[in-house]
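A quick write-up on the structure given underneath.
The values are calculated or read from the model by the stated rules, or taken from the named source; none is laboratory data. Since the model is a prediction, treat every value here as computed from it, not as a measurement. Here the Cβ positions follow ideal geometry from the backbone for every residue, glycine too, while neighbour counts run over all protein chains shown. For the accessible areas, the whole protein counts, side chains as well, though only heavy atoms, and no ligand, DNA or RNA atoms are used. Shrake-Rupley method; radii C 1.70, N 1.55, O 1.52, S 1.80 Å.
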Amino acid sequence: MFDRATAQCCNQDRACRDSTGDPGPHRLRSRVVGGVSALLTLPPSVDHPSSGSESHLPNVPGTPALIDPRGPRFAAALTTLVLAAALITGSGALLAAQTLVFALGATLGLRFSPYGLLYRTLVRPRLGPPGELEDERPPRFAQAVGFAFGAVGTIGYLVGPSWLGVAACALALAAAFLNAAFGYCLGCEVYLLLVRSRGRLDHG
């Protein structure tokens, strides 16, 4: 699970400083970009429970949210269906709707995104507790990456060129399918690589 990889990464990068600063403009794109910058700054690692319900530890400043790892995979399955439909039909409106879902997941967090709410209200109550929880930051960063591809694809479909929309939608679909079918999150892996690189730069 990515929580173990992230925990290891956090231990290697204890010297990374928490990001601070004034909030950006209230435009959606600026909020997503600002959220990505905040996600790449890791606070000192703390001990978290390895199992149980989704939680956040408010008594420890900067503590990341812990989520049920089945939630992002459920969201990836829905994303795969939406992106496949958008690619088959060439619908820029459908891709734009999925792009909005990506943006909400990146800015509000996966638990409060549309697919996250569906999982928490309709699916999670029918399942047992997860064997372990994972750090929300890697899959949340993946949502920001999805937003970037979705935005480019939407522009391609609605404004042109159309091949740009097809290419961006296909790449996003491939990433979502890998997560839904095999539990492999490309955006999460990119997140971990960026954090490790930042830690090396800070130490250097």
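Numbers at a glance
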quantity: Condition met for ALA151 (of a type in the set (A, V, I, L, M, F, W, C) and within 15 Å of the chain's Cα centre (by Cα)); calculated: no
quantity: Candidates GLY146, GLY156, GLY105 - the one that is over 27 Å from LEU194 (Cα atoms) and assigned to a helix (DSSP H, G or I); calculated: GLY156
quantity: Subset of the range 165-177 [without any contact (Cβ under 8 Å) to a residue 40 or more places away in the chain and either crowded, with 16+ Cβ neighbours inside 10 Å or touching a Phe, Trp or Tyr at 6+ places or on another chain (Cβ under 7 Å) (or both)]; calculated: ALA168, LEU171, ALA175
quantity: Subset of the range 110-153 that is polar (S, T, N, Q) and open to solvent by 20 Å² or more (accessible area, probe 1.4 Å) - its residue that is farthest from ARG73 (Cα to Cα); calculated: THR121
quantity: Residue check for GLY128: without any contact (Cβ under 8 Å) to a residue 60 or more places away in the chain and in a loop (DSSP other than H, G, I, E, B); calculated: yes
quantity: Evaluation of GLY165 against (1) outside any helix (DSSP H, G or I); (2) over 25 Å from ALA65 (Cα atoms) (one fails), failing number; calculated: (1)
